[in-house]
Amino acid sequence: MSQEDCIFCRIIAGDIPSKKVYEDDVCMAFHDVSPQAPVHILVVPREHFASLDTAAKQHRETLGHLLLTCGEIAREQNLAGEGYRVVINTGEHGGQTVFHLHVHLLGGRQFVFPPG
Ligand code: 5GP
Ligand code: ZN
């Protein structure tokens, strides 16, 4: 169910504009408003669930779909050759700020590990 007070539900509904790069029946991908790399795209399921912590078996296909979609977008954005990073921030220590699960696809520069 879409949540009225959720910014990503509102973007998916078209109530808040975004720079869309991809969409299908399961997810939508758009550029992050505050990019942390030359390419910074958010891949967001249409279904609202808060985080990996609240994900359940019913989300198995959706979660797999999100990762495969990251791979496809990375190839389209010409990131696959040099590589890229995929991140799911979860909860307070994970640095999550929007509580509608989403996958960050970051590329176009070198990343270090572990991240800060
Ligand atoms: P989190 O910190 O929850 O892992 O990631 C949330 C991300 O959403 C942040 O990188 C933030 O810049 C991005 N973000 C927050 N509000 C908006 C918005 O209104 N539009 C877009 N495109 N990105 C947003
Ligand atoms: Zn939502």
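The values are calculated or read from the model by the stated rules, or taken from the named source; none is laboratory data. Remember, it's a predicted structure, so these values are computed and weren't measured experimentally. For neighbour counting, all protein chains shown are included, and Cβ atoms are generated from backbone atoms with ideal geometry for every residue, glycine included. Accessible surface areas use protein heavy atoms only, side chains included; no ligands, DNA or RNA. Shrake-Rupley method; radii C 1.70, N 1.55, O 1.52, S 1.80 Å.
Annotations
- Candidates 63, 67, filtered to the one that is open to solvent by less than 50 Å² (accessible area, probe 1.4 Å) and at pLDDT 95 or above: 63
- Residue match in the stretch 36-51 (condition: open to solvent by 60 Å² or more (accessible area, probe 1.4 Å), within 13 Å of ligand 2 (Cβ to nearest atom) and acidic (Asp, Glu)): yes
- Single residue of 75, 85 found to be outside any loop (DSSP other than H, G, I, E, B), farther than 26 Å from residue 6 by Cβ and modelled with pLDDT of 95 or more: 75
- Considering residues of the stretch 74-116 that are open to solvent by less than 100 Å² (accessible area, probe 1.4 Å) and of a type in the set (S, T, N, Q) only, the residue nearest to ligand 2 (Cβ to nearest atom): 96
- Filtered residues of the stretch 12-35 (kept if assigned to a loop (DSSP other than H, G, I, E, B) and either closer than 21 Å to residue 75 by Cβ or of a type in the set (Asp, Glu) (or both)): 15, 19, 24, 25, 26, 32, 35
- Qualifying residue in the stretch 39-46 (condition: at pLDDT 95 or above and in a loop (DSSP other than H, G, I, E, B)): yes
- Taking the stretch 19-31 as the range and being open to solvent by 30 Å² or more (accessible area, probe 1.4 Å) and under 13 Å from the mean Cα position of the chain (by Cα) as the test, the residues that pass are 20, 21, 22, 23, 26, 31.
- Pairs, first without any contact (Cβ under 8 Å) to a residue 24 or more places away in the chain in the stretch 73-86, second open to solvent by 60 Å² or more (accessible area, probe 1.4 Å), C-beta under 9 Å, six or more apart: 86/67
- Per the listing 52, 66, 42, the residue uniquely over 21 Å from residue 112 (Cβ atoms) and in contact with a Pro (Cβ under 8 Å, 6 or more places away or on another chain) is 66.
- No other residue among 112, 98 is within 10 Å of ligand 1 (Cβ to nearest atom) and in a loop (DSSP other than H, G, I, E, B) apart from 98.
- Scan of the stretch 12-34 for residues that are more than 9 Å from ligand 2 (Cβ to nearest atom) and over 16 Å from residue 70 (Cβ atoms), ordered by number: 13, 14, 15, 16, 17, 18, 19, 25, 33, 34
- Looking across the stretch 1-22, the residues that are more than 9 Å from ligand 1 (Cβ to nearest atom) and out of contact with any strand residue (DSSP E or B) (no Cβ under 7 Å at 6 or more places or on another chain) come down to 1, 2, 3, 4, 5, 6, 9, 13, 14, 15.
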